[in-house]
Amino acid sequence: MMRTRKTIFTALLTLMSLTAMAQEGAWTGNLEIQGTKLPLVFNFTPDGCTIDSPTQGAKGIKANKTTTADGNICVAIPAINASFEGKMEANSIVGTFKQNGMSLPMTLTPGAPKMNRPQTPVGPFPYSTEEVTFSNGNTRLNGTLTLPANSGKDTKVVLMVTGSGQQNRDEEIFAHKPFAVIADALARQGIASLRYDDRGYGDSTVVFSNFTTDDFKQDVEAGVCFLRKRFTKVGVLGHSEGGTIALMLASEGKTDFIVSLAGMAISGKETLLMQNRIGMSAVGLPKETVDAYCNALDKAFSQLAEGKSTKEIDRKDVPVLLRAYFDKAMEQANTPFMRHILSIDVQPMLGNIKCPVLALNGKKDMQVDCVRNLSALQHGLKACKPTITSLDNLNHLFQHCTTGNILEYQQIEETISTDVLTTIAQWIKAL
């Protein structure tokens with residue numbers, strides 16, 4: 001009898017060992033959320049497991065993996081309060097993903113998703129590039145100057161400014177390189193450009209959230225001054241927060257023209273409230289719950305902009321279901337960057353802009369509302385003749401999309417609409 005038990009125990013250990021070996025490597029599963037796929041990559045190793053969420057730009061989330069006696073694979077992901085449990089069936093691991101009381105079916109298959117980015121420029125190129133550096137005080141900024149063939153002092157040039165968050169010179173996101181694509185398209189049309197890494201990029205000792213939009217604006221001013229030493233006509237092309245900075249500089253008469261791609265023209269506070277409302281409505285929360293939460297958030301943002309601490313914020317009107325999310329929002333808002341952006345409102349400045357303005361927004365933009373922001377520009381730009389255009393079926397990145405949800409960004413192969421590229425180039429050439 002003891003021998004039989006030992007044999008069974010040994011067989012179970014062998015089965016568990018073989019199962020673990022079969023799992024090693026990357027396995028991918030998709031969560032279906034509100035009609036949108038959210039891929040997760042499980043990286044199984046002999047020592048454990050990490051999780052990647054390509055759509056959310058998250059990599060290497062630590063997880064704990066165990067295998068039960070009956071062959072179930074259990075993965076605990078403490079950092080996001082989630083878990084996965086499944087069982088090998090043929091060449092798949094079929095199971096359930098759980099997070100914060102929510103359960104969703106998920107099947108893992110071998111391999112990591114491959115991202116095809118057909119618009120990323122590949123040489124040889126009919127133009128040249130230079131690696132350059134310019135400075136804003138003690139801050140050195142590194143970039144790429146793209147020069148069309150036969151360029152000279154009279155060649156039009158644009159300085160490209162990224163959106164919020166620390167990004168490289170290509171404004172790279174999910175392997176998309178929109179600024180590299182724009183630079184390539186412009187150079188082929190005889191327009192020069194300078195794109196640069198955000199301050200502190202690549203330096204892990206830099207706390208980027210300690211900088212504000214005003215810091216970034218000063219960096220852009222330094223870039224414009226750098227370009228004026230070589231070019232007569234200097235413009236600024238900004239995306240999202242970068243578009244807002246372009247509007248600020250134009251209002252001070254420091255640019256010859258600007259291109260605002262989904263630039264925030266309404267206040268920072270209004271924009272953040274809109275983003276929260278859209279996000280919560282998208283996951284199916286009742287309107288009264290969303291209204292109550294956004295009303296509480298509105299009051300909290302006003303108090304933070306006035307300088308109050310997060311501990312002074314009253315939480316009594318926050319729906320109980322969403323208090324954890326509210327606390328997280330307050331934690332994220334308690335940085336110099338967020339406190340400053342809550343106070344930004346460029347609308348009073350728009351009447352001072354006299355240079356040419358091209359402003360584009362996608363109608364399916366869920367981060368910078370197309371209607372409200374373009375309406376603000378249309379109403380405020382009185383001293384110039386702007387070209388203001390809303391574009392069908394484009395999201396915040398100017399990709400053709402289905403819903404506009406940020407979860408689609410990584411899944412779409414198109415980096416930026418070719419119509420947008422053509423519009424920008426033709427508008428600048430006509431100046």
- Per the filter on region 96-120, residues in contact (Cβ under 8 Å) with a residue 40 or more places away in the chain, of a type outside the set (D, E, K, R) and in a loop (DSSP other than H, G, I, E, B) are Gly111, Ala112, Pro113, Met115, Asn116, Pro118, Gln119, Thr120
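Okay, residues lined up against (1) at pLDDT below 80; (2) acidic (Asp, Glu); (3) surrounded by 12 or more Cβ atoms within 10 Å (Cβ to Cβ); (4) more than 20 Å from Pro110 (Cα to Cα):
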position	(1), (2), (3), (4)
Thr10	yes, no, no, yes
Ala20	yes, no, yes, no
Thr50	no, no, yes, no
Thr55	yes, no, yes, no
- Residue list for region 241-262, restricted to those being polar (S, T, N, Q) and either part of a helix (DSSP H, G or I) or farther than 21 Å from Gln426 by Cα (or both): Thr244, Ser251
- Query: What residue, of Arg188, Arg195, Arg169, is open to solvent by 50 Å² or more (accessible area, probe 1.4 Å) and more than 22 Å from Ala333 (Cα to Cα)?
  - Reply: Arg188
- Item | Condition check for Phe179: within 20 Å of the chain's Cα centre (by Cα), open to solvent by less than 20 Å² (accessible area, probe 1.4 Å) and among the aromatic types (Phe, Trp, Tyr) | yes
- Task: Kindly list, by first and then second residue, each pair from a residue in region 392-405 that is without any contact (Cβ under 8 Å) to a residue 60 or more places away in the chain to a residue that is assigned to a loop (DSSP other than H, G, I, E, B) and open to solvent by 70 Å² or more (accessible area, probe 1.4 Å), limited to pairs with Cβ atoms under 6 Å and residues at least 6 apart or on different chains.
- Result: Asp392/Lys363; His400/Asn393
- Return yes or no: is Ala329 crowded, with 20+ Cβ neighbours inside 10 Å and modelled with pLDDT under 95? yes
- How about region 82-103: which of its residues are closer than 17 Å to Ser53 by Cβ, surrounded by 12 or more Cβ atoms within 10 Å (Cβ to Cβ) and out of contact with any Lys or Arg (no Cβ under 8 Å at 6 or more places or on another chain)? Phe97, Lys98, Gln99
- Answer yes if at least one residue in region 246-263 is surrounded by 19 or more Cβ atoms within 10 Å (Cβ to Cβ), closer than 23 Å to Glu172 by Cα, modelled with pLDDT of 90 or more and among the charged types (D, E, K, R), and no otherwise. no
- Residue list for region 355-382, restricted to those being open to solvent by 50 Å² or more (accessible area, probe 1.4 Å) and either in a helix (DSSP H, G or I) or over 20 Å from Leu421 (Cβ atoms) (or both): Gln367, Val371, Arg372, Ser375, Gln378, His379, Lys382
- Task: Give the residues of region 58-81 that are out of contact with any Lys or Arg (no Cβ under 6 Å at 6 or more places or on another chain), open to solvent by less than 80 Å² (accessible area, probe 1.4 Å) and under 17 Å from Ala26 (Cβ atoms), sorted by residue number.
- Result: Ala58, Gly60, Ile61, Ala63, Lys65, Ile73, Ile77
- Note on the structure: Within region 80-95, residues free of Cβ contacts under 8 Å to residues at least 12 places away in the same chain and either among the hydroxyl-bearing types (Ser, Thr, Tyr) or in a loop (DSSP other than H, G, I, E, B) (or both) come out as Ala90
- Message: Of everything in region 285-335, what is assigned to a loop (DSSP other than H, G, I, E, B), more than 25 Å from Met102 (Cα to Cα) and among the hydrophobic types (A, V, I, L, M, F, W, C)? Give them in sequence order.
- Response: Ile313
- When you look at Thr389, is it open to solvent by 20 Å² or more (accessible area, probe 1.4 Å), closer than 20 Å to Leu186 by Cα, touching a Ser or Thr at 6+ places or on another chain (Cβ under 9 Å) and assigned to a helix (DSSP H, G or I), yes or no? no
- Any chance region 216-225 includes a residue that's out of contact with any helix residue (DSSP H, G or I) (no Cβ under 7 Å at 6 or more places or on another chain), assigned to a loop (DSSP other than H, G, I, E, B) and crowded, with 19+ Cβ neighbours inside 10 Å? no
- From the list Asn295, Asn210, Asn276, which residue is free of Cβ contacts under 8 Å to residues at least 24 places away in the same chain and over 21 Å from Ala359 (Cβ atoms)? Asn295
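For every residue, the table says whether it meets (1) farther than 20 Å from Leu421 by Cα; (2) touching a Ser or Thr at 6+ places or on another chain (Cβ under 6 Å).
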site	(1), (2)
Lys114	yes, no
Gln119	no, yes
Gly123	no, no
Thr144	no, yes
Ala149	no, no
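The values are calculated or read from the model by the stated rules, or taken from the named source; none is laboratory data. This one's a predicted model, so the numbers in the text were calculated from it and none came from an experiment. So basically every Cβ, Gly included, is an ideal-geometry build from the backbone, and we count neighbours across all protein chains shown. Accessible surface is based on the protein model in full, side chains and every heavy atom, while ligands, DNA and RNA are left aside. Shrake-Rupley method; radii C 1.70, N 1.55, O 1.52, S 1.80 Å.
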